[in-house]
Each structure stands twice: as structure tokens, then as C-alpha cells.
Amino acid sequence: MATHDGRSRSSGLRACVSPRAFTLVELLVVIGVVAILLALLLPAVQAARGAARRTACQNQLRQIALAAHSHVDARDRLPAGTDPGTSATPYRGWLVSLLPFLEETATANLVAAEYRASPDPFDMATHPTFSTPIALFACPEDARASIAQPVPRYRMIAGLSSYLGSSGRDATAQDGVLYAGSATRFADVLDGVSKTLLAGERPPSPKFDLGWWYAGMGVGVDGALDHTVGTASTDRNPFGGCGDPVYPFQPGRLKDECSANHFWSLHPGGGGHFAFLDGAVRFFTYDAAAVLVDLSTRAGGETTAAE
């Protein structure tokens, strides 16, 4: 009886334990399979999100280009890349002039009122809109640009832009369409509006000294590297110890001060978006740097195709 009872108890114990153990093994297998599937799917999800951000960034730049077209229709010229320091709106950036054509009339009116109250654009007490972020000016690939950022060196807070106007080869050459005091008409663009750059991507500098949409002197008093940049730029961020004589379109890094000296972007694929005067927006890889130099001039006579 004892033996019989012992066998019964042993059999009963196995009957109770085995199904549970088998269920636990199954659960571990399922978890492992799910983990593998997630590992396989995650890159695809990230790629899809990256593609969505890239498309959104492209569309924003297109809206800016179309607003520039509307500005020309209304005033027969493009805005100045940066307003002269002697003007009624000293160092105001070109994006401000496009606000009424981007459904931002209220913001444009605030900027105008603030300049009337005080011509000093860096007086934060009279220019609170200086620190206002504009969603359309912030490429989704760079989350920093979507919020107002502190600028420690100047003890201020600034609204930023991911998009800079094309000053041509270089700010000093002024052979592009947007530079200090510019008033470019389409009639001045002898190379054709479909083969001349309006603007491109360039993330703000690491400590946000450069890349302000509202106003900025840039590295001199011409707004260079704040509102505009050249495709073969000789302007240098003074905080980076930058020693290269020329800064073409090339890869950059968020922590590198010298990356503010040239067009670049954070998009995967090695390149960035550029808007043309006809409203088209195209993605160029970094190996197209020489082509972009030709496309950045308004009357250089180059025969380079935009494709």
C-alpha cells in the first residue's frame, strides 16, 4: 500500500508539475521569438520614421520657397538676407519678411511692433519674439530647433532656424540671392530660377550662438552663418578654432563648432535638402558639393544641371 501510495503520489506530482514546466518553456520561447521579431522590425520602424522626418523637412523648405515666390509677387524682389545695421530693422533675418506669406501675420506684426518700440534687436525686454520658436523653421530631424534655446555666451534665449539662405559662393562675394542688404529680383537671376539656389539646411551651432531666425549679426555684421551661408564659405565660427580656408557642403557634427560654417544636415543618407528659386526642393549628397557651388550663383553663367 505504501509503495502503491508512493507511486501514486509521484505520478500525481509529475502530472501537476509537467504541464506547468511545459507552459513556462513555451512562454520563454514566445518571448524569445518576439524579441527577435522586434530586433528585426526596429530598424525598419526607425527607417520609416526617418523617412517621415525627411519628407516633413523637405515640405517645410518647399513652403519657405513658395513664400519667397509670394514675396517677389508682392514686392518685386526677394527680402534682404539680413537687413543692414543702419536700417529701421537692423540685422533682421530674411525669414521674418516671409512670415506674412507663411500664415504667420500675427508674428510678423509683433516683430514690427517690437522694432518700433526699440531698434535694438538684442534688447530682450523689447523683443520678446526673438525667443519664440517657429515650427516651420525647425527641421524635425533636429529636435533642438523646435524649442527656444539658451545662448550661454550671450545670456539670452533665441528662436532657431534649420534653414539658411544661399549667399552664393561666399558672403563677401554676394553672388547669390540672399545676403546683407540684398534686394534680388528674378530678372537679376540670369542663370534661371530653376538652376539657382534659394536656401538649404544647416543645423544651429552647438551652443546656439548661430542660427537665429529673428535677427543676428552673424560672424560679422552681415548676418553670415546666422541667416545665410555660402556653398564655398570662408566665414568661420569664432568659437571653434576653425582653420580651413573654405567650408563647402560636407558632413557636420552637432558638437563641432566649425560645422556651423557650411551647409549640412542630420538626415541619414549623407546630404541635405536645398530649395531652388522656382520652388523645387531636392536632396543632394555631399559628393555634389562642387555642383552646388555653381548652382548658388545667380548670374555666373554656369551650365551645370540641377539634377
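The values are calculated or read from the model by the stated rules, or taken from the named source; none is laboratory data. Computed from a prediction, not measured in an experiment: that's the story for all the values here. Ideal geometry is used to build each Cβ from the backbone, glycine not excepted, and the neighbour counts take in all protein chains shown.
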Does the range 212-224 contain at least one residue that is of a type in the set (Val, Ile, Thr), over 19 Å from Ala158 (Cα atoms) and touching a residue at least 40 places away in the same chain (Cβ under 8 Å)? no
Among the residues listed as Phe263, Phe249, the single one being under 27 Å from Ala135 (Cβ atoms), buried (at least 21 other Cβ atoms within 10 Å of the Cβ) and out of contact with any Lys or Arg (no Cβ under 8 Å at 6 or more places or on another chain): Phe249
Checklist (1) surrounded by fewer than 21 Cβ atoms within 10 Å (Cβ to Cβ); (2) of a type in the set (A, V, I, L, M, F, W, C); (3) under 21 Å from Leu99 (Cα atoms) applied to Ala199, failing item: (1)
Which one of the conditions (1) part of a loop (DSSP other than H, G, I, E, B); (2) at pLDDT 95 or above; (3) farther than 22 Å from Pro140 by Cβ does Gly243 fail to meet, given that it meets all the rest? (2)
(1) basic (Lys, Arg); (2) free of Cβ contacts under 8 Å to residues at least 12 places away in the same chain; (3) touching a Lys or Arg at 6+ places or on another chain (Cβ under 9 Å) all hold for Arg155 apart from (3)
Given the condition surrounded by 18 or more Cβ atoms within 10 Å (Cβ to Cβ), aromatic (Phe, Trp, Tyr) and in contact (Cβ under 8 Å) with a residue 40 or more places away in the chain, answer yes or no: does some residue in the range 282-305 qualify? no
Exclusive hit being in a helix (DSSP H, G or I) and modelled with pLDDT under 80, set Ala52, Ala35, Ala74: Ala35
Looking at Gly279 and the list (1) more than 28 Å from Val111 (Cα to Cα); (2) surrounded by fewer than 19 Cβ atoms within 10 Å (Cβ to Cβ), which single condition is not satisfied? (1)
Exactly one of these conditions fails for Gly269: (1) touching a Leu at 6+ places or on another chain (Cβ under 7 Å); (2) in a loop (DSSP other than H, G, I, E, B). Give me its number. (1)
What strands (runs of 3 or more DSSP E) lie completely within the range 111-195 and have 1 or more residues being surrounded by 15 or more Cβ atoms within 10 Å (Cβ to Cβ) and in contact with a helix residue (DSSP H, G or I) (Cβ under 6 Å, 6 or more places away or on another chain)? 156-158, 163-166
Suppose we keep only residues that are within 15 Å of the chain's Cα centre (by Cα) and in a strand (DSSP E or B) within the range 196-213. Which one would you say is farthest from Ala65 (Cα to Cα)? Trp212
Residue, modelled with the lowest pLDDT, within the range 210-234, restricted to residues that are of a type outside the set (A, V, I, L, M, F, W, C) and farther than 23 Å from Gln60 by Cα: Gly220
